[in-house]
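One structure below.
The values are calculated or read from the model by the stated rules, or taken from the named source; none is laboratory data. Just so it is clear, the structure is predicted and the values come from calculations on it, not from any experiment. Glycine also receives a Cβ, built like all others from the backbone with ideal geometry; neighbour counts cover every protein chain displayed.
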Amino acid sequence: MVKLAVIGTGGMANHQVESFLKIDKCEVVAACDIDEERVSDFGKKHGIKTLYTDTDKLLAEVECDAVSIVTPDAYHHPLTMKAIAAGKHVLCEKPLALNAADALEMSEAAKKAGVINMVNFSYRNSSAIQYVAKLVAAGELGEIRHLHAYYLQGWLAQDDWGFWETSPHWLWRLSTKAGSMGVLGDIGVHILDFAGMPMGAYKSVNCKLKTFDKGENNTMGGFELDANDSAIVTAEFANGAIGTIHTTRWAQPHQNSLRLNLYGDKASVEIDLDTSYSQLKISRILGRKSMPWETVDCGETPTNFERFITAVESGVQDQADFARGAEVQAVLDACFESDKEDKTVNL
Ligand SMILES: NC(=O)c1ccc[n+]([C@@H]2O[C@H](COP(=O)([O-])OP(=O)(O)OC[C@H]3O[C@@H](n4cnc5c(N)ncnc54)[C@H](O)[C@@H]3O)[C@@H](O)[C@H]2O)c1
C-alpha cells in the first residue's frame, strides 16, 4: 500500500483525492492546507483524519511514502524541495515551477535523492494522445510539416464555473503577484506539453500575450489582475515542422476545449477532447490521394494518478517526470521573453 499525503486542499486536490481513493494500492493518510477551515472540511469530506496547517510538521511527523503538491503555482518549488529533502516521492501539479531554473533544480534534486517525480499534465490521461505519440514515433504520419493546437476556456466571459470576481480560487490565477503566469502558465502549459509530446523538442517560439482590462483599476478582492488572459504562440520544432498554438480564458461558449491537428506527408491526425479522450481521426494519403477521415478507437490508458502510484510501488519512473516539466517550463520562459522583447526566441 502506498501512503500518500496531499498538500493544498482546494479545487484540484478534491479531484485528485477522489481519483487516488479509487486506486486499491493507495491510501491517503494525511492532508495539509494553510487554511484551517478548508483542510478540516476536506478531511471530513474524504475521511482523512490526520490534518495539518504546516507542511514542515506534516513532513516531520507523518509516515508516508509520497506527497502530492496541489497548492497555487508559486509554492510548487519550495514545497517540493522540502518533500524531496524528507525523502518523499512527489507528484506536483503543473506548471512545475515559475521558471525553468527552479524546475531544473527540482528535477535534479529528485534524481539525486532517487525519488519518483511526476508532474500532473492531466491531458496525458487521454489515450488518443498516447496513441498519436506512438503513430508519430512509428513514422505513420511521415514527415510532419504543420501543426495547430488550442486550449480554450471561457470563464472570464461567463459564470458557468461560478463568479470569478469574488473567488480567490480564480483570482490568484489572474495575478502575477499571487504567483500566476496567466493563461499561458495555467493551461498553455498543458497544450504545449500535449502538442510537444508527439512532436518532440521545440526549436523556437514567437509569442504574443494579451491582458484585457478587468474590474476597476484591474484590482479585485485585493488581487492585482495583471496576468495574461490570451496567448498565441507560433512554434518551430526540431523535426522541422511549424505550427500555431493558442490559448485563452475568453473563448465562451468553450469551457475546457483542447484540440490538436498534425499534418504529415503520409497522414494527418486530429484529436478533439470535446468529442472524445479515447478516439482520434486519421486521414492517410494513398497514391497521392487523401483517404476520408477514419475514426480510430485508442483503448484505455492509465491516469497520471495510477501511473504515479505504480511508479512509487515498483520504483520505476514514469512520464511525465520533472525533467519533462522543466523542458516545458523552458518553453514557457522562452514565450515570456519573446513577448517582452517582441522577437523569436530559440530553445
Ligand atoms: N492538472 C490540472 O488539470 C489542474 C487543474 C486545476 C488546477 N491545477 C493546479 O493545481 C494547483 C491548485 O489549484 P486549485 O485550483 O486547487 O487552487 P485553489 O485555489 O482551489 O486551491 C489551492 C489551495 O492551496 C492552499 N495553499 C496555498 N498555499 C499553501 C501552502 N503554502 N501550503 C499548503 N496549502 C496552501 C490554499 O489555501 C488552497 O486551499 C495549481 O497549481 C493549479 O495550476 C491543475
Scope the range 164-178; condition more than 9 Å from the ligand (Cβ to nearest atom) and outside any helix (DSSP H, G or I); matching residues: SER175, THR176, LYS177, ALA178
Strands (runs of 3 or more DSSP E) fully within the range 194-276 counting 3 or more residues that are within 20 Å of TYR123 (Cβ to Cβ) and hydrophobic (A, V, I, L, M, F, W, C): 230-237, 257-264
If only one of SER175, SER122 is within 21 Å of the chain's Cα centre (by Cα) and farther than 20 Å from VAL6 by Cα, which one is it? SER175
Pull up the range 42-66, narrow it to residues that are aliphatic (A, V, I, L, M) and either assigned to a loop (DSSP other than H, G, I, E, B) or within 11 Å of the ligand (Cβ to nearest atom) (or both), then point me to the one that is farthest from ALA97 (Cα to Cα). ILE48
Within the range 138-148, is there a residue that is within 16 Å of the ligand (Cβ to nearest atom) and surrounded by fewer than 18 Cβ atoms within 10 Å (Cβ to Cβ)? no
Taking the condition of being at pLDDT 95 or above, exposed (fewer than 13 other Cβ atoms within 10 Å of the Cβ) and not in a strand (DSSP E or B), how many residues in the range 277-300 meet it? 4
Determine whether ALA320 is within 20 Å of GLU93 (Cβ to Cβ) and either within 23 Å of the chain's Cα centre (by Cα) or buried (at least 18 other Cβ atoms within 10 Å of the Cβ) (or both). yes
Reported set for the range 1-29 where residues are within 18 Å of the chain's Cα centre (by Cα) and either part of a loop (DSSP other than H, G, I, E, B) or farther than 15 Å from GLU306 by Cβ (or both) is VAL6, ILE7, GLY8, THR9, GLY10, GLY11, MET12, ALA13, ASN14
